[in-house]
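No value in this document is a laboratory result; all are computed from the given coordinates. None of the values given here were measured: they were computed from a predicted structure. Cβ placement follows ideal geometry from the backbone for every residue including glycine, while neighbour counts extend to all protein chains displayed.
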Amino acid sequence: MTKPNILIIMADQLAPQFTGAYGHHQVKTPHMDALAARGARFDAAYCNAPLCAPSRMAFMTGQHVTRIAAYDNASEFKASVPSFAHYLRRLGYTTCLSGKMHFVGPDQMHGFDERITTDVYPADFAWVPDWEAADERIDDWYHNMDSVREAGLAVASVQMDFDEEVAFHAKRKLFDYARKGTAPFAMVASFTHPHDPYEARPEFWNLYDHDAIDMPKNVLAPEDQDPMSKRLMDGIEASKVEVTEEQVRNSRHAYFANISYFDSKVGELVQVLEESGQLDDTVVIITADHGDMLGERGLWYKMNFFEHSARVPLIMAGPGIANTTVADPCSLVDILPTLLDLAGEPSPSYGEPIDGRSLAPQARGEAANEQATAIGEYCAEMTPWPVLMIRRGQYKYIHCDVDPPQLFDVVADPYEMNNLVDDPAHTDRATAFAAEVAERWDSAAIRADVIATQHQRRAVYEAMQKGQPKHWDYTPPRDASDEYVRNHITWVDAAVKARVMPGGVPNPYLDKE
């Protein structure tokens, strides 16, 4: 069996509910729509932690965050933990990362043969929360309401600069694979849009009628929020900083526009595959690290297990993938075993136990998995204890030792306005979920470990601010003396070797003397 190429295109903070591919009536995502129209769309895919770095570590390793101490945005991703890049490399894949992955620590590769851009965020321990002072903000790093109050148009931004670089280098590398006949390859192209700040270029902003922008369906007053949501509102300063309806509309308008921007990058990469004759041999996967509440329930950004924060898009299209929709819950830890299954290794030998399961059978159109479960763990800022989630069937259960539990029927109640935990008709279900939480997790032990790692990392960070600095931020290597036309690379040689024929037709000039 020929191993397919793999291209994973990852967004940052993209809630699937706000995409045309998942049925939103306004948001324009034609390229994601096209992939879903010929591939598999997973309708209950979740992140394993609604925060960037922990989610991405779970995604890369197939392991839940408490297993590998991936607690927050300053948790070290240890070099000894195998990633899907390691496993695919072992199977003969050429592996490449273009864009964001928020690796924290001195290892900035984690199994990739090449990393062709820097990251957009720092790689050190600057963002360590403090669970012994959980109500205190780290002002330089925590979200506040500025992204909402300042939302609108921009012709350039930090995130635009970064994503243009990600797309440019990813497209060039895909053409390189065609030039050199590199197969199989596995590339991750990871963009930072539509993550806030909600700043959008005019051509994407103008895709939408501002006055018709879809507004939040249910907004709760601060006094009506559950305790975790109250902490989140305090943490992002939403409980004391008022925003106007127009600022909310601006934010949603820009977010929708930036989803269309991300979708345009999906289109650019797929176009390169098509033009270079690689599309039919490539499985394309679209996903994200978490979602964005975008004002639903009165909340913003992520850091909770409500649907708009915790769900992610997951679309697969390519050789062997059926045109299907999958309702069963799944999560990002399932990506690693899925990739190995697609690569022809359904029962691989793992270096460490993993928590995921292969989704390839369902992507191929096989039977549903009625016991499919998605697990979430949040151990970062704005909570003093682990927040834990179980999604199975149509129900989601959320637990934190210091908060009342929550039980939702997310199929009948997608905006989670009706907590069923005290409903007599759901007593047995709530009791069973509570027992499962107690069996799965020791919250006190997790909390103790979180605090211990926070002490450890703060000590290292404080020391590293003294004396001569040593940064872990990744700088892509580049040797310009081996690029384009040089004394040892004639114009003729450079022109011929760089030429890619339409549709991947063999270059007839390569064999000429």
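Details
- Shape call, the range 380-513: gyration tensor on alpha carbons, a/c limit 1.5: oblate
- Tail fraction, Cα-Cα pairs, the range 361-457, threshold 17 Å, whole percent: 58 percent
- For PHE162, PHE191, the sequence from fewest to most other C-beta atoms within 10 Å is PHE162, PHE191.
- Neighbour-count ranking [beta-carbon atoms within 10 angstrom, fewest first] of TRP205, TRP441, TRP141: TRP141, TRP441, TRP205
- The mean sequence distance of close C-alpha pairs (under 8 Å, at least 6 residues apart), as a share of the length of the range 77-236, puts its relative contact order at 29 percent.
- Computed from Cα positions, the angle between helix 443-464 and the longest principal axis of the chain comes to roughly 60 degrees.
- Extension gain (nm, one decimal) between THR324 and ALA221, 0.36 nm per residue minus Cα-Cα: 33.1 nm
- Straight-line reach from LYS171: taking Cα to Cα under 17 Å and skipping same-chain neighbours fewer than 8 places apart, the lysines in range are LYS100, LYS180, LYS265, LYS497.
- HIS455/GLU483 FRET efficiency (R0 41 Å; Cβ-Cβ; nearest 0.05): 0.30
- Model label zone, LYS78; criterion: amide N under 15 Å from point 7 Å along Cα-to-beta-carbon; scope the range 337-360: 351-354
- Two-decimal Rg to Rh for the range 265-366 - Kirkwood Rh, Cα set: 1.03
- Here LYS230 is the anchor, and the lysines within straight C-alpha reach of less than 18 Å, apart from those fewer than 8 places off in the same chain, are LYS240, LYS302.
- Share antiparallel - DSSP beta bridges, the chain, percent rounded to 5: 45 percent
- Considering helices alone, the calculated mean residue ellipticity of the chain at 222 nm is -9500 deg cm²/dmol, with DSSP H runs of length four and up weighted by -39500 (n - 2.57) and normalised per residue.
- Over the C-alpha trace of the chain, radius of gyration and Dmax come out as 22.8, 82 angstrom.
- Normalised by the number of residues in the range 5-504, the average gap of Cα pairs under 8 Å and 6 or more apart makes the relative contact order 25 percent.
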